[in-house]
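The values are calculated or read from the model by the stated rules, or taken from the named source; none is laboratory data. Given the structure is predicted, the values throughout are model-derived calculations rather than measurements. Note that each Cβ is placed from the backbone with ideal geometry, even for glycine, and that neighbours are counted across all protein chains shown.
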Amino acid sequence: MGYRLTQYAHGGGCACKIPPGELEAAVAGLTGVMPADPPGELLVGLDTGDDAAAVRIAGGTALIVTTDFFTPVVDDAYDWGRIAAANALSDVYAMGGTPVVAVNLLGWPRETLPFELAAEVLRGGLDVCGEAGCHLAGGHSIDDPEPKYGLAVTGVADPARLLRNDAGRAGVPLTLTKPLGIGVLNSRHKATGDRFPQAIEAMTTLNAPASRAALAAGVSCATDVTGFGLLGHLHKLARASGVTARLDPAAVPYLDGAREALRDGYVSGGTRRNLDWVRPHADLSRISEDEALLLADAQTSGGLLVAGELPGHPVIGSLEPRSDHTIVVG
């Protein structure tokens, strides 16, 4: 029997994240509380909503710690495992770090789906961690009504060369390292079963080369583009950095088939919530509602958004002195 994993979950991939406004309200009171006699200095925590936590430990190393997991974004178990692992590792790359060790996080409906499929998911995660040079050692699993998979990842970085979302400055170009459109193509896949190899290739491509290129270029500000869409993550970066981002919509790259998927109505609820959250902070008057939805499209394992220019990747805008909006499109 063939199983379509996306039919066993209410959402898919990073589109099933809790809406950004609700999430920020929930964690608002959790900053500024320090443990007694910590063994390391917290460099990056909850304050700016960055991609991972960073702690300076003895010897001058920064530990980068993150976790990410989600429901199936594609029907194939092995591909889902690869995508979820690449997505979790991305948070370390987005901070300028190198992943060292990861552990699995698995929720599985034992009475609904054969556990042999779970083994395929885990194999996909293992293969991507192997490609990344990251140990995958154990983890935790639970019996869950919906299948869920991801990783908890620990990496290392130079604390003086972190990529942070609050280090942007006016006059710097913005570069995007993967095309958008993953969300609408995944929504179409979930609804129709049609497979989109271009989306799978994008989601399983590690952000390691882009991260190394950013560090080599002297970049200090970056984030990755995942569930909150390009507009959502750009808003967080601009807000944290005290600047305004000017976006050129004509320069933003898209996967083949993305505009057709939007035209045919394959837009997730997560994408619409992203746009609703960003709209009060953005000047979108020069673009259509459809263009705004594509820019807010909830990505899974998307690329890096870099405050700097990287060879081989498109410049999609720039950072400017703060104005009335955190984002101006057009």
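Among the residues making up the stretch 253-277, a single one is β-branched (Val, Ile, Thr) and under 17 Å from the mean Cα position of the chain (by Cα): Thr271. Does any residue of the stretch 144-151 turn out to be under 25 Å from Ala216 (Cα atoms) and at pLDDT 95 or above? Scanning the stretch 144-151 turns up no residue that is under 25 Å from Ala216 (Cα atoms) and at pLDDT 95 or above.
Against the conditions (1) in contact (Cβ under 8 Å) with a residue 12 or more places away in the chain; (2) under 20 Å from the mean Cα position of the chain (by Cα); (3) closer than 24 Å to Ile83 by Cβ, Arg212 satisfies every one except (1).
Identification of strands (runs of 3 or more DSSP E) wholly contained in the stretch 28-146 with 2 or more residues that are over 21 Å from Leu162 (Cα atoms) yields 61-70, 98-108, 135-143. Among the residues making up the stretch 193-221, those that are touching a helix residue (DSSP H, G or I) at 6+ places or on another chain (Cβ under 7 Å) and more than 20 Å from Gly181 (Cα to Cα) are Ala208, Ser211, Leu215, Cys221. Within the stretch 95-154, being over 19 Å from the mean Cα position of the chain (by Cα) and among the polar types (S, T, N, Q) holds for Thr112, Ser141. When Asp51, Asp75, Asp91 are checked against the criterion of being of a type in the set (Asp, Glu), buried (at least 24 other Cβ atoms within 10 Å of the Cβ) and at pLDDT 80 or above, Asp91 stands alone in meeting it.
Taken over the stretch 42-71, residues that are among the polar types (S, T, N, Q) and within 24 Å of His235 (Cβ to Cβ) amount to 3.
Filter the stretch 284-301 for residues that are among the acidic types (Asp, Glu) and buried (at least 18 other Cβ atoms within 10 Å of the Cβ); which is nearest to the chain's Cα centre (by Cα)? Out of the qualifying residues, it is Asp297. Determine, yes or no, whether Asp68 is among the acidic types (Asp, Glu) and either modelled with pLDDT of 95 or more or in contact with a Leu (Cβ under 7 Å, 6 or more places away or on another chain) (or both). Against the criterion (among the acidic types (Asp, Glu) and either modelled with pLDDT of 95 or more or in contact with a Leu (Cβ under 7 Å, 6 or more places away or on another chain) (or both)), Asp68 qualifies. Against the test of being crowded, with 18+ Cβ neighbours inside 10 Å, closer than 22 Å to Phe70 by Cα, at pLDDT 95 or above and touching a Leu at 6+ places or on another chain (Cβ under 7 Å), the options Leu275, Leu319, Leu304 yield a single qualifying residue, Leu275.
Being over 30 Å from Glu260 (Cα atoms) and touching a helix residue (DSSP H, G or I) at 6+ places or on another chain (Cβ under 7 Å) is a description that does not apply to Gly181.
The residue of the stretch 94-110 that is surrounded by the most Cβ atoms within 10 Å (Cβ to Cβ), among those that are of a type outside the set (Lys, Arg) and touching an Asp or Glu at 6+ places or on another chain (Cβ under 8 Å), is Ala94. For the stretch 227-260, the set of residues classified as touching a Ser or Thr at 6+ places or on another chain (Cβ under 7 Å) and within 12 Å of Leu294 (Cβ to Cβ) consists of Gly229 only.
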